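Read the structure below first, then the notes.
The values are calculated or read from the model by the stated rules, or taken from the named source; none is laboratory data. Only a predicted model underlies this, so the values are computations on that prediction, with no experimental measurement involved. For neighbour counting, all protein chains shown are included, and Cβ atoms are generated from backbone atoms with ideal geometry for every residue, glycine included. For accessibility, only protein heavy atoms count, side chains too; no ligands or nucleic acids. Shrake-Rupley method; radii C 1.70, N 1.55, O 1.52, S 1.80 Å.
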Amino acid sequence: MKKKMQIVSAVLVSLLLAGVFYVSQYNFSTGLRRKEEKIIKHGFHLLEEQMATYIKENYSGISKIEFSPIFIQGGKDNPPFTADVLPVIYDEEGNRAVLGGEIGKNGYPSYGLLTDLRLDFDNHDNEIIELVDSAKGLGVDVDIDVSNAQTLPEEAKIKTELSGTDENIKALVDIGKINNVKKDKSGSPKAKIVYNLEIKRGEYWKWE
């Protein structure tokens with residue numbers, strides 16, 4: 001009887017440890033495993049840095065660039081999985097404008113998986129992170145591997161025209177959301193950049 005009780009206790013302890021391990025590897029608020037959260041935050045930090053660098057280096061009249069949370073939808077049991085972020089720019093008067101969404105009859109995209117960023121794991125569970133746009137120029141079918149980068153490498157900086165972003169910013173200026181922001185190679189060297197790696201479930205287009 002004593003031996004049987006020891007076996008039962010050992011099984012219960014094993015189940016408890018397995019449960020603790022499972023919980024530690026899973027975030028119930030997002031529905032993501034910890035390693036999935038980690039690669040999303042890593043990849044989106046580089047994407048946000050890429051977009052902020054492009055705007056800061058190519059537009060004058062900007063005082064601050066910040067980002068929305070990373071909005072996710074779907075998942076393994078409810079495909080497709082999406083993750084999107086929205087840049088926000090402030091002019092020197094403090095006016096604020098969110099990129100993306102609709103302006104008049106035109107729609108402008110968010111920034112995220114598939115179109116701007118690719119995330120995956122190799123057979124050894126190592127992160128694979130690729131940025132789509134780069135110094136090689138838009139339309140060039142070569143993604144930049146930034147898997148091991150903690151900050152944006154030079155070859156992943158956008159050196160060509162980013163037409164969708166340019167048109168979006170121009171439209172925001174045209175409707176008066178921001179003032180005196182214009183395409184200018186002198187850029188906005190003093191602009192503050194605030195990154196946002198919070199992951200939230202929700203619809204990015206409802207964020208303001």
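A few notes on this one:
- The GluC sites (Glu not before Pro) of region 40-133 meeting both criteria, a DSSP state outside H, G, I, E and B (loop) and at most 13 other C-beta atoms within 10 angstrom of the site's C-beta, are GLU93.
- Separation in nanometres of the label points that stand 7 Å from Cα toward Cβ, at LYS183 and LYS38: 4.1 nm
- Estimated FRET transfer efficiency (LYS105, GLN150; beta-carbon r; R0 45 Å; 0.05): 0.65
- Spin-label pair ASP166/TRP205, simplified geometry with 7 Å Cα→Cβ offset, distance in nm: 2.6 nm
- The residues of region 152-208 expose on average 65 square angstrom of accessible surface per residue, using a 1.4 Å probe on protein heavy atoms.
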